[in-house]
1. Sequence-distant or interchain residues sharing an amide H contact under 5 Å with R141, placed H: which?
2. For D81, D40, which order do you get if you count the other beta carbons within 10 Å of each Cβ and list the fewest first?
3. How far, in nm, would the chain grow between S74 and K54 when pulled straight, counting 0.36 nm per residue and subtracting the alpha carbon separation?
4. Once you have the Cα-Cα distance between Y3 and K176, take 0.36 nm times their residue separation minus that, and quote the gain in nm to one decimal.
5. Please turn the phi angles of the stretch 53-65 into ³J(HN,Hα) values with the Karplus equation 6.51 cos²θ - 1.76 cosθ + 1.60 (θ = phi - 60°), one per residue in order, whole Hz, x for glycine and proline.
6. When the Karplus curve 6.51 cos²θ - 1.76 cosθ + 1.60 is applied with θ = phi - 60°, which whole-Hz ³J(HN,Hα) does each residue of the stretch 153-163 get, with x for Gly and Pro?
7. In nm, give the distance between the simple-model label positions of V150 and K117, each being 7 Å from the Cα along the Cα-to-Cβ direction.
8. Taking 0.36 nm per residue of separation and subtracting the Cα-Cα distance, what length does fully extending S37 through Y186 add?
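No lab work stands behind these numbers, since they all come straight from the coordinates. Here the structure is a predicted model, which means the values were calculated and not measured. Cβ placement follows ideal geometry from the backbone for every residue including glycine, while neighbour counts extend to all protein chains displayed.
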Amino acid sequence: MKYIALLILKILRVRIDTKNIPKEAEKCVLLFAPHTSAFDFVVGRLALTVMGVKTIFLIKKEMFWFPLGSLLKSLGGMPIDRKHVRNFTSHAANLIKEKNEIAFLIAPEGTRALNPKWKKGFYYIAQEANVPIVLGYLDYRSRRGGMGPVFYPTNNYEADIVEIEKFYYGMQGKHKGQFNLENYPYAHPEWLAKKR
């Protein structure tokens with residue numbers, strides 16, 4: 001499956017960094033940004049296959065109809081009834097705690113539309129599960145994807161989010177203009193020099 005995923009990514013002209021996968025990716029909250037298109041899920045899933053990272057992600061239970069439900073489960077999807085989960089943060093943190101090795105995949109924007117402020121849930125999930133946050137990315141400006149720095153929450157969300165977002169400065173989603181950090185000075189100009 002890994003070689004098929006690599007071939008598809010090559011056809012899509014997306015380069016995945018398979019050399020810089022932090023050890024902490026074995027058990028973490030894994031951010032996935034920018035997220036501006038449903039197609040990001042396909043490319044992201046292919047990238048994770050190539051990187052060999054086992055992930056889980058929560059998706060609304062309404063998506064688990066036949067045959068899509070079986071496919072989503074095989075990819076690490078877990079259905080969630082958002083109307084009946086009173087404390088989503090604790091629910092997600094418990095899922096992480098129950099596993100020895102798992103990356104909990106989450107899009108911090110919380111939507112594919114432009115969102116000027118990221119949702120805070122990923123941060124509090126990591127805190128409650130006592131795991132690091134790994135900064136995953138899929139940047140259409142440089143056509144690169146992979147994992148960046150590992151971040152340990154300090155209990156100061158306002159200061160921490162500034163540091164986390166700096167890594168994503170200037171990155172672009174599939175749909176230009178829908179990522180809130182797109183217009184900042186590009187944090188990774190060296191990637192553009194290596195762009196294929």
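1. Those lying under 5 Å, H to H, from R141 are Q172.
2. D81, D40
3. 6.1 nm
4. Taking 0.36 nm per residue and subtracting the Cα distance, the gain is 59.3 nm.
5. After applying 6.51 cos²θ - 1.76 cosθ + 1.60, I find 9, 7, 10, 10, 8, 9, 9, 4, 4, 4, 7, 8, 9 Hz.
6. After applying 6.51 cos²θ - 1.76 cosθ + 1.60, I find x, 10, 6, 10, 4, 4, 6, 5, 5, 4, 5 Hz.
7. The answer from the label model is 3.1 nm.
8. Working: separation 149, 0.36 × 149 = 53.64 nm, distance 2.09 nm.
Contour length minus the Cα-Cα distance gives 51.6 nm.
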